[in-house]
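A.B. asks: Sharing a structure below in structure tokens format, with a few things to ask.
The values are calculated or read from the model by the stated rules, or taken from the named source; none is laboratory data. Note that this is a predicted model, so its numbers are computed, not measured. Here the Cβ is made from the backbone with ideal geometry for all residues, glycine too, and neighbour counts use every protein chain on show.
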Amino acid sequence: MNRKGSFPIFEKIRYLLSETASSLWRNKGRHFFSLVIIAFSFLVSGIFISLSNNLNNLAKELSRHLAIVVFLEKNLTPQEREALQEKIKQSPLVAQINYVTQEQALKRFEQKFPDLLPILRELNTNPFPPSLEIALQARYSRSHLVTSFLDSLRKEKGVEDVQFNREWVERIESFDRVIKAIGLFLTSLLLLASLFIISNVIRLSVVDRQDEISLLRLVGATNNFIRFPFIFEGVILGLLGSFLAIGLLWLIISLFPLYVGHSLGAFKEFFQLRSLTAPQTIVFILSGGLIGFIGSLSSLARFLKI
């Protein structure tokens, strides 16, 4: 019997599509269950990737809005202050520098904390020193160079103290690293589960179609011709799962601000919740197809004896 076959290319494509659609519909309960598991696996992965994206963006935005506050000695002369201000301005790290007088500092405090005004009045003096507010260049806001810059500021004559509150940024960055580690671990487990699910779905499809496979061998179909519908079925399952996960992730990201946006407090002004980036979405979809392809091949290698 001739095993090379003589099926025209369009006939092969038609057969591939019809067999895949037929298998998906014939065993829709099994495939629906598999699709839910695959979509859930990719959804969990997408949530962790999206969470990491948003934490990273939040850290960047907070860093961009952070300012170094240089508190000046009250007896510093205007000439000394201007000389110091000009010297600081020469640093490549500095984007902008503003002088805040004692009166301006007091007015800011009164506007932000009106409930504390009675306590402030009891002091009978302005407790706020004059200061310089330094905005850093965006590219340096998270750089190790900032530490040495702060040390140099503290050594300047006329400087009483220097504050740069990066604690929140560092906490967010640390939390981001934990999220990435947990996400990688869970994603690995769930993708392995998806591989296992697809492999078993294809195994059951092979068992269901043993008579058809035997008939194809008798009429001279090639091994690849017999394998392709099963491989395509696995790839379609993987792609559908990844597409469904992307849709669910988009829905979650869209609804999230409506239900918990008020809990973000002051952080709301610093960033907008985002889903996956375009490159991440492409990789996400391709990963779904790849998982389906590998799962199908592993199953065929074990259970399809041709």
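A.B. asks: Counting only residues that are within 38 Å of the chain's Cα centre (by Cα) and in contact (Cβ under 8 Å) with a residue 60 or more places away in the chain, give me the helices (runs of 4 or more DSSP H) lying completely in the stretch 90-194 with at least 2 of them.
C.D. replies: Numbers: elements: 102-112, 117-123, 145-154.
Passing ranges, in order: 145-154.
A.B. asks: Another question, then. Residues to consider are ALA221, ALA245; find the one that is assigned by TED's automatic domain parsing to the domain that holds ILE202, closer than 17 Å to HIS31 by Cα and either at pLDDT 85 or above or not in a helix (DSSP H, G or I) (or both). Working first, answer last.
C.D. replies: Numbers: ALA221 fails: closer than 17 Å to HIS31 by Cα.
None of the others qualify; the one that does is ALA245.
Yes/no per residue for (1) over 30 Å from LEU237 (Cβ atoms); (2) modelled with pLDDT under 90; (3) in contact with a helix residue (DSSP H, G or I) (Cβ under 8 Å, 6 or more places away or on another chain):
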| residue | (1), (2), (3) |
| --- | --- |
| VAL159 | yes, no, yes |
| VAL169 | yes, yes, yes |
| ASP176 | yes, yes, yes |
| LEU191 | no, yes, yes |
| PHE196 | no, no, yes |
| LEU204 | no, yes, yes |
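A.B. asks: Taking LEU55 as the residue in question, decide whether it is in the same structural domain as LEU248 (by TED's automatic domain parsing), touching an Asp or Glu at 6+ places or on another chain (Cβ under 6 Å) and part of a helix (DSSP H, G or I).
C.D. replies: On the way: in the same structural domain as LEU248 (by TED's automatic domain parsing): yes; touching an Asp or Glu at 6+ places or on another chain (Cβ under 6 Å): yes; part of a helix (DSSP H, G or I): yes.
Yes.
Residues are listed down the side, and each one gets a yes or a no for (1) exposed (fewer than 13 other Cβ atoms within 10 Å of the Cβ); (2) out of contact with any His (no Cβ under 9 Å at 6 or more places or on another chain); (3) hydrophobic (A, V, I, L, M, F, W, C):
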site	(1), (2), (3)
SER52	no, yes, no
LEU55	no, yes, yes
PHE71	no, yes, yes
PRO78	yes, yes, no
SER91	no, yes, no
VAL94	no, yes, yes
ILE97	no, yes, yes
LEU117	yes, yes, yes
